[in-house]
1. Can you find a residue in the range 278-296 that is touching a residue at least 24 places away in the same chain (Cβ under 8 Å), under 27 Å from Leu183 (Cβ atoms) and in contact with a Gly (Cβ under 6 Å, 6 or more places away or on another chain)?
2. Tally the residues that are open to solvent by 50 Å² or more (accessible area, probe 1.4 Å) and within 17 Å of Ile278 (Cα to Cα), restricting the search to the range 180-237.
3. If you go through the range 214-224 one residue at a time, do you hit one that is hydrophobic (A, V, I, L, M, F, W, C) and at pLDDT 85 or above?
4. Could you please let me know if Gly273 is in contact with a Leu (Cβ under 9 Å, 6 or more places away or on another chain) and either open to solvent by less than 60 Å² (accessible area, probe 1.4 Å) or more than 21 Å from Gly171 (Cα to Cα) (or both)?
5. Within the range 281-291, work out how many residues are open to solvent by 40 Å² or more (accessible area, probe 1.4 Å) and assigned to a loop (DSSP other than H, G, I, E, B).
6. For the range 371-392, does any single residue satisfy the condition of being of a type in the set (Gly, Ala, Ser), over 30 Å from Ala192 (Cβ atoms), surrounded by 11 or more Cβ atoms within 10 Å (Cβ to Cβ) and at pLDDT below 75?
7. Which one of the conditions (1) modelled with pLDDT of 85 or more; (2) open to solvent by less than 80 Å² (accessible area, probe 1.4 Å) does Val61 fail to meet, given that it meets all the rest?
Amino acid sequence: MGPMLVTFATPAGGAVLACLAALLILAALAWAAVLLSRASRVRALEGAQQTARGQEIEARVAELARIQADTAGRIHTLGEMLTGRHAELSRVLADRLDAVTHRVGQSIENTTRHTVESLRHLHERLAVIDNAQKNLTDLSSQVTSLKEVLANKQARGAFGQGRMEAIVRDGLPKGSFEFQFTLSNRTRPDCAVFLPGDGRPVIIDAKFPLEAVNALREARSEEERKQAAQRVRQDVLKHVGDIAGRYLIPGETQEIGLMFVPSESVYAELYDGFDDVIQKAYRAQVVLVSPSLLMLAIQVMQQISKDARMREAAQEIRTEVGHLMGDVERLRERVLKLQQHFGQATDDVAQILISADKITKRGGRIEALEFDDAEPMRETRIVPAPIGRKLQAGE
């Protein structure tokens with residue numbers, strides 16, 4: 001350090017120091033100039049940026065103003081549209097309310113009219129129900145009278161007889177049956193049906209064991225039921241025995257008789273609960289029939305009568321066909337005779353035509369001749385006409 005300080009203390013050393021100081025000042029000035037230049041560039045750049053930002057802000061403000069104006073126009077247009085829509089909606093609501101009011105009025109009117117018609121129909125139905133009630137009352141009285149009729153044996157017998165007669169009259173022609181027919185033993189069954197080709201009638205007798213059946217229906221205990229069932233058996237077998245003993249006469253009536261029970265329910269109870277009675281009746285040649293079964297039996301008898309009439313008609317038809325065949329044979333013989341006559345007449349006409357042709361030819365030759373006065377007249381030849389066979393009488 002000591003030598004250096006000594007060195008700088010000399011005049012040459014002062015100049016060096018001055019140069020160094022100047023260099024340092026120049027360097028400081030250059031650096032300051034650089035800093036100033038950088039600061040100016042920074043300020044210019046910042047100014048440009050601020051200018052661009054200002055322009056951008058102005059553009060944005062202008063865009064916002066335009067958007068605000070456009071939004072205001074749209075809001076005004078939307079307001080006008082909303083006003084128009086509100087008026088249209090008010091008009092439509094008024095029209096709809098008027099239509100609904102009109103429909104409600106019509107609906108109320110129709111409902112009132114339908115209600116009046118329904119009430120009228122209801123009154124008519126009530127009148128019909130009243131008439132039906134009266135009919136039921138009358139029917140109840142008739143059923144009561146029918147019950148009273150069935151309670152009497154004689155009236156009940158007349159009831160069964162009437163049903164049986166109605167079924168027979170509806171199914172068979174007149175003359176094929178007779179009511180209260182008298183047999184040789186002086187007994188008179190309710191009905192006798194006569195079959196064609198057989199002089200023995202089918203006997204039908206109407207029976208109605210109602211008391212025993214009612215007792216069986218009204219039985220409460222097992223003992224009462226047994227007693228009622230025994231009574232039913234006795235009554236039915238008694239009727240069966242009467243029919244078999246009084247009305248089935250060998251050689252005079254058919255071997256089987258019909259016992260008519262004019263109640264389907266009574267017949268069903270007898271058939272279901274008293275099979276032994278039904279079998280005993282079969283063995284006695286007596287068949288129990290209900291109204292439906294009697295109708296079926298009458299239809300079978302009617303078919304038998306139809307078959308017999310058809311057989312009789314077939315025999316008559318066969319006889320008439322024989323006569324018809326004889327007439328056809330005689331007609332054939334007469335046609336053959338007529339054909340022979342026509343053949344002979346055809347031959348005669350052919351011979352006549354041949355003679356006519358000959359006469360025509362001879363006349364032509366005569367016209368072709370030339371006659372002279374000196375020549376004697378030729379003798380005329382007369383051709384006799386053909387004489388056909390004389391027709392006989394009846395040909």
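1. The answer is yes, given that some residue of the range 278-296 is touching a residue at least 24 places away in the same chain (Cβ under 8 Å), under 27 Å from Leu183 (Cβ atoms) and in contact with a Gly (Cβ under 6 Å, 6 or more places away or on another chain).
2. Residues meeting the conditions: 5.
3. First pass over the range 214-224, keeping only residues hydrophobic (A, V, I, L, M, F, W, C): 215-216, 219.
Retained after the next criterion (residues that are at pLDDT 85 or above): none.
Within the range 214-224, not a single residue is hydrophobic (A, V, I, L, M, F, W, C) and at pLDDT 85 or above.
4. Details: in contact with a Leu (Cβ under 9 Å, 6 or more places away or on another chain): yes; either open to solvent by less than 60 Å² (accessible area, probe 1.4 Å) or more than 21 Å from Gly171 (Cα to Cα) (or both): yes.
Spelling it out, Gly273 is indeed in contact with a Leu (Cβ under 9 Å, 6 or more places away or on another chain) and either open to solvent by less than 60 Å² (accessible area, probe 1.4 Å) or more than 21 Å from Gly171 (Cα to Cα) (or both).
5. Summing the residues that are open to solvent by 40 Å² or more (accessible area, probe 1.4 Å) and assigned to a loop (DSSP other than H, G, I, E, B) in the range 281-291 gives 1.
6. Taking the range 371-392 first, the residues of a type in the set (Gly, Ala, Ser) are 374, 385, 388.
Going one step further and asking which of them are over 30 Å from Ala192 (Cβ atoms), we end up with 374, 385, 388.
Among the residues that remain, those that are also surrounded by 11 or more Cβ atoms within 10 Å (Cβ to Cβ) are: 388.
Still in the list and also at pLDDT below 75: 388.
Yes, because at least one residue in the range 371-392 is of a type in the set (Gly, Ala, Ser), over 30 Å from Ala192 (Cβ atoms), surrounded by 11 or more Cβ atoms within 10 Å (Cβ to Cβ) and at pLDDT below 75.
7. (2)
Residue by residue, here is whether (1) modelled with pLDDT under 85; (2) open to solvent by 60 Å² or more (accessible area, probe 1.4 Å); (3) more than 18 Å from Phe194 (Cβ to Cβ); (4) not in a helix (DSSP H, G or I) holds:
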| site | (1), (2), (3), (4) |
| --- | --- |
| Leu293 | no, yes, yes, no |
| Gln303 | yes, yes, no, no |
| Arg309 | yes, yes, no, no |
| Glu312 | yes, yes, no, no |
| Gly322 | yes, no, yes, no |
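The values are calculated or read from the model by the stated rules, or taken from the named source; none is laboratory data. On a predicted model such as this, the values are computed, not experimentally measured, just so you know. Note that each Cβ is placed from the backbone with ideal geometry, even for glycine, and that neighbours are counted across all protein chains shown. SASA here: full protein model, heavy atoms, side chains in, ligands and nucleic acids out. Shrake-Rupley method; radii C 1.70, N 1.55, O 1.52, S 1.80 Å.
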